[in-house]
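The structure under discussion appears below in the form of structure tokens.
The values are calculated or read from the model by the stated rules, or taken from the named source; none is laboratory data. Just so we're clear, the structure is a prediction, and the values are computed from it rather than from any experiment. Don't worry about glycine lacking a Cβ; one is built from the backbone with ideal geometry, like all the others, and counts go over all protein chains shown. With ligands, DNA and RNA removed, areas are computed over all heavy atoms of the protein, side chains included. Shrake-Rupley method; radii C 1.70, N 1.55, O 1.52, S 1.80 Å.
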Amino acid sequence: MTRYPPISSCDWPHELSDMEHGFAGRLNVYRVMAHHPALLLAWSNLREHIVVNTALGAEFSEVVILRAAHWMNSDYEWSHHVVRARALGFDDLRIGSLAGPTEDMNGNDRVIAGAVDALMTARCIPPEMQESLETVIGKNAIFDLMATVGFYSTLGFILNSFPPPLDEDIKTELTKKPFMKG
């Protein structure tokens, strides 16, 4: 049992009452974060930008998130985003490639995953990568890529420290259609 399990509805913090029926109450990771109501409240606006309003767009956002989940070794995040990527039309071969060497990825995924790798290893996107990255995703999306990696790294720290159970809808979906790496 984890030290900080997902908070149940009967123990939901009153400071977060308006968030329980939104994103925060739907996912176990946010039910874990609810142990620190002020953090979850502050997290909400950044989450809205990273998840909904990102300049990366849905497809490239999933590439960034899956690569970050791979780096963070977060089965919870990986599983959630396998399901989301499939809903966007990714096949399992493309998804699986995002956990492997960049040479095995398509061109745009290779550029984006290379930037994630650089952030995780060198803590910056080096100048020699910036022009090709800007050509693929644009200036604003470069900043959103960095913010997304930071956001999902923080989630990875929380998930790896206080692992919640996989959410039932994701577990059901992956039981019906198991992920086949390739």
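Taking HIS80 as meeting all but one of (1) in a helix (DSSP H, G or I); (2) over 25 Å from VAL32 (Cβ atoms), write down the number of the exception.
(2)
Select from region 8-24 the residues that are touching a residue at least 24 places away in the same chain (Cβ under 8 Å) and open to solvent by 50 Å² or more (accessible area, probe 1.4 Å) and list them in ascending order.
GLU15
Determine whether region 64-73 contains at least one residue that is on the phi > 0 side of the Ramachandran plot, at pLDDT 95 or above and not in a helix (DSSP H, G or I).
Yes: one or more hits.
Is it true that SER61 is part of a helix (DSSP H, G or I), of a type in the set (S, T, N, Q) and within 30 Å of MET180 (Cα to Cα)?
yes
Hey, can you tell me all the residues within region 107-141 that are without any contact (Cβ under 8 Å) to a residue 24 or more places away in the chain and either within 20 Å of VAL52 (Cα to Cα) or surrounded by 13 or more Cβ atoms within 10 Å (Cβ to Cβ) (or both)?
Residues satisfying the conditions are ARG110, GLY114, ALA118, ILE125, MET129, GLN130, SER132, LEU133, GLU134, LYS139.
Polar (S, T, N, Q), surrounded by fewer than 17 Cβ atoms within 10 Å (Cβ to Cβ) and at pLDDT 95 or above - does that describe any residue in region 25-39?
For region 25-39, residues polar (S, T, N, Q), surrounded by fewer than 17 Cβ atoms within 10 Å (Cβ to Cβ) and at pLDDT 95 or above: absent.
Which of the helices (runs of 4 or more DSSP H) contained wholly in region 88-152 include at least 1 residues that are within 13 Å of ALA68 (Cα to Cα) and modelled with pLDDT of 95 or more?
Passing ranges, in order: 92-97, 107-122.
Among the residues of region 162-179, write down those that are farther than 14 Å from TRP78 by Cα and part of a loop (DSSP other than H, G, I, E, B).
Across region 162-179, the qualifying residues are PHE162, LYS177.
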